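We did not get these values from a lab; they are worked out from the coordinates using the rules stated. Values in this document were obtained by computation on a predicted structure and should not be read as measured data. Here Cβ is always computed from backbone atoms with ideal geometry, including for glycine, and neighbour counts include all displayed protein chains.
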Amino acid sequence: MAKPVGLEVSLAVAEAVRLCDADVVAAYPITPQTHIVEHLSDLVANGELDAEYIPVESEQSAMSSCLGSSAAGARTFTATSSQGLALMNEMLFIAPVLRTPIVMAIANRALSAPINIWNDHSDIMSVRDVGWLALFAENGQEALDLTILSFRIAEDRRVSLPVTINIDGFTLSHFIEPVLLPELEEVRKWLPPFDPLVKLDVANPISIGLLGTPESYTEARKITDDILLGSLPVVKEAFGEFREAFGREYKVVESYRADDAESILVTMGSISETAMTAVDELREDGESVGVARIRLWRPFPVEDFKKAVGHAKNLIVIDRHISMGVPDGPVALEVKSLFYHDPCDKKPVITNFVLGLGGRDVTRDDFKHIVKKAREHTRENCQTRFELVGVWEE
């Protein structure tokens, strides 16, 4: 029976790793994810988690250790943020092709320069195409539950790919929220023991990660992409089984007051709750507005997204990262591309706003401003609109 407790969200993620009985934790501290690995080190030191805790000298070493431990058949977890994720970059590309189902929490934080320790999505967007599954949490309960779900999804032999759980740094990671903490026996019953698809075994030696010549490299990358795309049904299946076991339902795309909405705000992460509050107030003023929140970023759930928003006249896509040198943010670019991928699709008017960079506050009034500005962008006035919200003006 789950018990309600008040936990800092970072500690809730660490407690989820304990409940999943991870074998190896390899990590390097970096703000704002440090509390996750600090709490895990306490759990290991106190004997509450029977795991090897590897205090490495850098994030690149952390991911190298995770690759080795996962390939050896150990349930493996790490966590990082921002510059740490960037330092891991070389190793991140290796994990999917080697089919090592590592689970990693990312306390999302802006990348330098200028130096900034606060939240946006520039870190995860910098590695969005490396082949990891990516989930976004909206609140503490989701962060806890998605961590448990990530082990189930990653280790499913139909997937056997690494997974990231993205939690907004500080605005989510450092907040204390009420969560339902499952019992250890419940999670152990629901999450089967790790049965690796590929394993380094001295009794049955094999080689993995060998040279990919021009005759084989393309095939290796294509196979990995096919497996990632094919993981979507497994994610949905795991969500459904989680609902049956724990009573909480998750969807790859979550809608709020969107069924009859003419305009839909497209969001990811913790600002979704602010957007929903703004929508409630806009509805009271007679505005036909809703929210579609993307929970699964990779693989992108194309048909689920279209189903959630396809009736809307206007999509207002919120990005937390600037794609330098192009007119839209990464989420908006993907949303636009999926509606033009099929020429038969009915295409809504799509506007893009970038906000909350470097931890700048995002308020209900910001969303109201965005909805008002998006109304100006119609079929009759359909030039590309990209607006950076919150830029200082003299």
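Quick notes on this structure:
- Pair Asp260, Asp129: separation of 7 Å Cα→Cβ label points (nm): 4.2
- The chain, helix-only ellipticity at 222 nm - DSSP H runs n ≥ 4, -39,500 (n - 2.57), divided by all residues, nearest 500: -11500 deg cm²/dmol
- Dimensions in Å of region 170-246 - Rg and Dmax from alpha carbons: 19.3, 54
- Furthest towards positive pole of dipole, Ile176, Phe77, Ile115, structure part region 71-185, Cβ charges: Phe77
- Taking the Cα centre of the chain as origin and assigning +1 to Lys and Arg Cβ atoms and -1 to Asp and Glu Cβ atoms, the resulting dipole is close to 900 debye.
- Across region 1-153, the relative contact order, built from alpha-carbon pairs under 8 Å that are at least six residues apart, equals 26 percent.
- Model label sites at Glu281 and Val326, defined 7 Å from Cα along the beta-carbon direction, differ in position by 3.3 nm.
- Taking all Cα pairs closer than 8 Å and separated by 6 or more residues, the relative contact order of the chain comes to 16 percent.
- Mean projected area of the Cα convex hull of region 3-246, taken over all directions, amounts to 13.3 nm².
- Against the chain, whose longest principal axis is taken from its Cα atoms, helix 232-246 shows a tilt of about 80°.
- For region 253-388, a/c is less than 1.5, where a ≥ b ≥ c are the root eigenvalues of the C-alpha gyration tensor. That puts it in the rounded class.
- Principal-axis tilt of helix 140-155 within the chain, Cα atoms, nearest 10 degrees: 50
- Across q = 0.09, 0.16 Å⁻¹, region 1-111 modelled as identical point scatterers on its alpha-carbon atoms has Debye log10 I(q)/I(0) values of -0.21, -0.67, in the order of the q list.
- Protection proxy ranking for 99-105, 23-29, using the average of other Cβ atoms within 10 Å per residue and placing the highest first: 99-105, 23-29.
- Cβ-based net charge around Cys20, under 11 Å, with every Lys or Arg adding one and every Asp or Glu removing one: 0
- Computing FRET efficiency as 1/(1 + (r/R0)^6) for Ser112 and Asn204, where r is the C-beta to C-beta distance and R0 is 41 Å, gives about 0.35.
- Cα gyration tensor, region 37-76 - rounded (a/c under 1.5), prolate or oblate: oblate
- Dipole magnitude of region 226-329 about its Cα centre (Cβ charges: Lys, Arg +1; Asp, Glu -1), debye to nearest 20: 320
- 0 to 90° range, to nearest 10: angle between helix 9-19 axis and the chain longest Cα axis: 40
- For the chain, the residue among Pro214, Leu232, Val17 whose Cα projects farthest onto the positive side of the dipole built from Cβ charges is Pro214.
- Cut-off 14 Å between beta-carbons: net charge of the residues surrounding Phe170, Lys and Arg +1, Asp and Glu -1: -3
- Mean separation of Cα pairs under 8 Å and 6 or more residues apart, divided by the residue count, gives region 253-388 a relative contact order of 25 percent.
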